[in-house]
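*Asks:* The structure's right below; bear with me while I get my questions together.
The values are calculated or read from the model by the stated rules, or taken from the named source; none is laboratory data. Everything numeric in this text was worked out from a predicted model, so none of it was measured. Heads up, the Cβs are rebuilt from the backbone with ideal geometry, glycines too, and the neighbour counts pull from every protein chain shown.
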Amino acid sequence: MNYIVLDLEWNQSTNGHAEVPGIPFEIIEIGAIKLDGDGEMLSEFSRLIRPAVYLEMHQITSRLIHLQMQELERGEPFPKVMGDFLEWCGREEYQFCTWGSLDLTELQRNIRYYNMTPLSDGPIAFLDVQKLFSLAYEDGKSRRSLENAVDLAGLEKDIPFHRAFSDAYYTAKLLNKMIREHREILQRVSFDMFHLPACREAEIRIQFDSYAKYISREFADKAEAFGDREVFSCKCYLCHRNLKKKLKWFTLNGKNYYCLASCEKHGYIKSKIRLKRSEDDKIFVVKTTRRITGEEAETLRKQSERAKELHHKRNRSRKEAQKS
């Protein structure tokens, strides 16, 4: 399998009040590097795109990437460049790789705006090289800028940053380093959720080294989501047993929900649900499940008690407001 290391530059409305529906960011440059399975460079792609939506350059964009609208006039329309890019990607199996998680979403928004054939009819598995770099060389939670990561890795900086091709080039160099030194980290794929699973059978269920992830189809609202048996259940991802909850689902902020269960074989199992908005303004669920220690379970119990206190406080405030 090949790796397509992709980077985009995009422009937007200059004043924030003239945003065109369906395309808040118009792609103006595509840069990419194709690597083979061992991380060695096979070929490169770099093209400018002639704007058709936002015909003035946002000042921050211009200052960051040092690109003027006059230069973009030499580019070609997005559908032509996108078609050439996909042809360059080739027929051999490949996986997209990006620095961060935004590029594939914006690429698919632009594809939809021009009524082109979608990249996929569901979630796209890709490598978020920024996340992988943190997992391989740092704490797994921090997120460095591309240039800082290049400095930390001790790689040569031989072309300027902040253009699509150059950022793809440096991302590819970092990916090559990880393939050579920490190839196992490549199993930690991310998913772009621009197109959600269309049905229950298409939902994402994947197990990693230390946790499992489930990504649902769309639901009309939170109530429908929590009414689904897959969402509401708590299972041991190692032996796949249904578990009785020791702590029922609770939340401190209305967005992240937690529950605690215990497996006779594998100990404490923590599940976390994140509710997210889809492109259609509906709800989908990302649920992660992992083993935790007794100390972590005790911390979760304290958070559950805190959630109950907050719930009772909100109810009292609501009743007092109704009386007044």
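*Asks:* Filter the range 30-46 down to the residues that are touching a Ser or Thr at 6+ places or on another chain (Cβ under 8 Å) and not aliphatic (A, V, I, L, M), then identify the one that is surrounded by the fewest Cβ atoms within 10 Å (Cβ to Cβ).
*Replies:* Lys34
*Asks:* State whether one or more residues within the range 59-76 are in a loop (DSSP other than H, G, I, E, B), of a type in the set (Asp, Glu), surrounded by fewer than 14 Cβ atoms within 10 Å (Cβ to Cβ) and in the same structural domain as Phe96 (by TED's automatic domain parsing).
*Replies:* Applying the first criterion (in a loop (DSSP other than H, G, I, E, B)) to the range 59-76 yields 66-68, 73-75.
Now narrow it down to the ones that are of a type in the set (Asp, Glu): 73.
Next, from what is left, pick out any that are surrounded by fewer than 14 Cβ atoms within 10 Å (Cβ to Cβ): 73.
Adding the requirement that they be in the same structural domain as Phe96 (by TED's automatic domain parsing) leaves 73.
Scanning the range 59-76 turns up at least one residue that is in a loop (DSSP other than H, G, I, E, B), of a type in the set (Asp, Glu), surrounded by fewer than 14 Cβ atoms within 10 Å (Cβ to Cβ) and in the same structural domain as Phe96 (by TED's automatic domain parsing).
*Asks:* If I ask for residues that are modelled with pLDDT of 90 or more and assigned to a loop (DSSP other than H, G, I, E, B), which ones from the range 35-58 would you list? If you could, list the steps in order and put the result at the bottom.
*Replies:* Here is the first cut: in the range 35-58, the residues modelled with pLDDT of 90 or more are 35-54.
Of everything in the range 35-58, those that are modelled with pLDDT of 90 or more and assigned to a loop (DSSP other than H, G, I, E, B) turn out to be Asp36, Gly37, Asp38, Gly39, Glu40, Arg50, Pro51, Ala52, Val53, Tyr54.
*Asks:* Quick check on the range 156-188: of everything there that is part of a helix (DSSP H, G or I) and among the acidic types (Asp, Glu), which residue is farthest from Leu146 (Cα to Cα)? Explain how you work it out, then say what you get.
*Replies:* Within the range 156-188, the first condition is being part of a helix (DSSP H, G or I), and the residues that meet it are 164-181, 183-187.
The next check asks that each one be among the acidic types (Asp, Glu); those that pass are 167, 181, 184.
Values: Asp167: 8, Glu181: 19, Glu184: 21 Å.
Across the range 156-188, the extreme among qualifying residues is Glu184.
*Asks:* Residues to consider are Leu42, Leu104, Leu48, Leu35; find the one that is within 20 Å of His162 (Cβ to Cβ) and over 21 Å from the mean Cα position of the chain (by Cα). It would help to see each step written out before you state the result.
*Replies:* On the way: Leu42 fails: within 20 Å of His162 (Cβ to Cβ); Leu104 fails: over 21 Å from the mean Cα position of the chain (by Cα); Leu35 fails: within 20 Å of His162 (Cβ to Cβ).
Among Leu42, Leu104, Leu48, Leu35, only Leu48 is within 20 Å of His162 (Cβ to Cβ) and over 21 Å from the mean Cα position of the chain (by Cα).
*Asks:* Hey, another quick one. With respect to Cys239, determine if the residue is under 21 Å from the mean Cα position of the chain (by Cα) and not charged (D, E, K, R). Even if it seems obvious, please write down each step before you answer.
*Replies:* Values: under 21 Å from the mean Cα position of the chain (by Cα): no; not charged (D, E, K, R): yes.
No, not satisfied.
*Asks:* Yes or no: the range 85-95 includes at least one residue that is of a type in the set (D, E, K, R), crowded, with 17+ Cβ neighbours inside 10 Å and under 30 Å from Ile185 (Cβ atoms).
*Replies:* no
*Asks:* Sticking with this structure for a sec: Mind telling me which of the residues Ile204, Ile179 ends up being at pLDDT 95 or above, β-branched (Val, Ile, Thr) and not assigned by TED's automatic domain parsing to the domain that holds Ala149? Give the steps one after another, and end with the answer.
*Replies:* Values: Ile179 fails: not assigned by TED's automatic domain parsing to the domain that holds Ala149.
After ruling out the rest, the residue left standing is Ile204.
*Asks:* Okay, next question. Any residue in the range 255-269 that is without any contact (Cβ under 8 Å) to a residue 40 or more places away in the chain, farther than 19 Å from Lys302 by Cβ and within 25 Å of the chain's Cα centre (by Cα)?
*Replies:* The answer is yes; a qualifying residue exists.
*Asks:* Output the number of residues of the range 166-220 satisfying the condition of being without any contact (Cβ under 8 Å) to a residue 12 or more places away in the chain and in contact with a strand residue (DSSP E or B) (Cβ under 7 Å, 6 or more places away or on another chain).
*Replies:* Residues in the range 166-220 being without any contact (Cβ under 8 Å) to a residue 12 or more places away in the chain and in contact with a strand residue (DSSP E or B) (Cβ under 7 Å, 6 or more places away or on another chain): 1 in total.
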